[in-house]
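One structure below.
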Amino acid sequence: MTSSGTFPSRFSRILAVFGPGLVVMLADTEVGSIVTAGQSGVQWGYRMLLLQLLLMPVLYMVQELTVRLGIFTGRGHGELIKEHFGSFWAWVSVAGLGIATFGALLTEFSGVAGVGEMYGVTRGTSLLFTVAVLLVVVLTGSYRRVERVAMAFGLFELVFFFVAAAAHPSLSEMATESLQIPYANKDYLYLAAANIGAVIMPWMVFYQQSAVADKKLGPEHFAIARVDTILGSILTQLIMAAVLITCAATIGHQHTDAALSTVGDMSRALTPFLGDSVGRLVFGFGVLGAGLVAAIVVSLAFAWGVGEVTGYRHSLEDHPLKAHCFYGIYTVCVLSSALLVWGWPNLIALNIGVEVMNAMLLPLVLGFLILLAARTLPEAHRLKGAALVGAIFVAILTAGLGVFGGLQGAGLLSL
């Protein structure tokens with residue numbers, strides 16, 4: 001009786017803690033990330049597949065430190081930086097977050113608009129509907145409701161697994177090409193930097209740490225929160241790999257000089273296997289799920305970040321009339337990004353450029369994260385010794401590759 005009675009309570013406890021990790025990871029595979037992975041498969045076949053898998057433990061390391069800080073300090077990322085490094089560095093960090101947020105929102109809305117255009121829906125109509133959904137979800141809900149809706153949107157991304165299986169990729173070709181890495185090609189390095197920036201983004205750190213604090217998770221939830229994060233890390237990179245494999249096995253094989261010029265181009269990868277109508281529908285659901293969950297997460301991350309630095313109310317548990325600045329920033333982010341996309345041509349190149357920009361911000365993001373983990377945590381959970389050396393090594397290697405690839409592709413460095 002005892003064991004059967006405790007299982008439901010344990011399971012409900014697990015479900016109560018789960019959320020921030022899965023949500024932020026599903027948001028990580030946002031429209032810009034999907035486009036970057038798709039472009040990688042189109043232009044380079046499976047030559048960036050190994051990179052996707054190698055980034056899996058790096059992503060977990062970054063977000064696990066984020067969870068650790070949120071649980072054992074009870075503060076958001078911007079708040080901790082302000083407390084330990086001063087207002088100047090807190091604003092520098094939030095400025096980087098603002099740049100990443102605005103760029104990410106442009107990619108989310110461009111993806112939503114692209115899906116609408118595939119079905120003949122005008123850009124203005126699809127953007128207006130999306131803005132309305134995003135405002136209703138956040139302005140009328142608590143954190144838990146927003147989290148559930150974001151997870152529901154994000155689960156649409158699972159369709160990419162079925163698409164990759166339907167493409168019937170050659171396993172032998174996949175294994176061979178994944179080890180054929182053109183290290184000296186600047187175009188490859190630029191796209192590799194975009195893939196790194198598509199996996200580790202400034203807003204992810206701000207969002208998950210603030211979400212953990214807003215959800216009031218304590219030390220007793222740490223083990224479950226780590227499981228939430230590791231599952232999310234695996235899931236997001238497998239989705240990226242699935243998109244890359246799909247595009248490599250289809251568009252990349254059909255045209256040696258292929259490239260994506262519109263969001264709708266990626267749906268062509270599905271039509272040989274699922275038919276035109278079903279292919280577009282499946283792809284559309286995947287992109288819409290990615291775009292909507294990311295738009296919620298990115299906007300909230302910036303609103304939380306600014307709130308932590310300025311000190312105004314910044315919780316989803318507060319009514320909009322009591323936290324008008326927090327909800328106001330979220331609303332302005334959503335509306336301004338939608339308006340800009342409405343009057344802009346296709347943003348495929350910008351999608352990749354935004355991810356490269358994220359890679360260029362990694363030294364700042366990872367630097368603060370490791371410093372906070374080494375200075376602010378309780379002794380038992382502080383980053384120190386071999387773990388600290390390992391984290392610094394991984395951070396330098398990842399950020400260095402991202403910055404080097406971005407500068408190479410931009411023609412600012414030469415081998």
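The values are calculated or read from the model by the stated rules, or taken from the named source; none is laboratory data. These figures come from a predicted structure and were not determined experimentally. With ideal geometry, Cβ positions are generated from the backbone for all residues, glycine too; neighbour counts draw on all protein chains shown.
Here are the numbers for the structure shown:
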read-out: Breaking point among (1) modelled with pLDDT under 70; (2) in contact with a Leu (Cβ under 9 Å, 6 or more places away or on another chain), for Gln237; value: (1)
read-out: Counted residues, region 109-133 - those being buried (at least 22 other Cβ atoms within 10 Å of the Cβ) and over 21 Å from Phe283 (Cα atoms); value: 0
read-out: Some residue of region 193-201 being in contact with a Lys or Arg (Cβ under 7 Å, 6 or more places away or on another chain) and crowded, with 19+ Cβ neighbours inside 10 Å; value: no
read-out: Options Leu22, Leu51, Leu69; residue that is of a type in the set (A, V, I, L, M, F, W, C) and at pLDDT below 90; value: Leu22
read-out: Extreme residue, surrounded by the fewest Cβ atoms within 10 Å (Cβ to Cβ), among residues of region 46-90 that are under 18 Å from Thr29 (Cα atoms) and of a type in the set (S, T, N, Q); value: Gln52
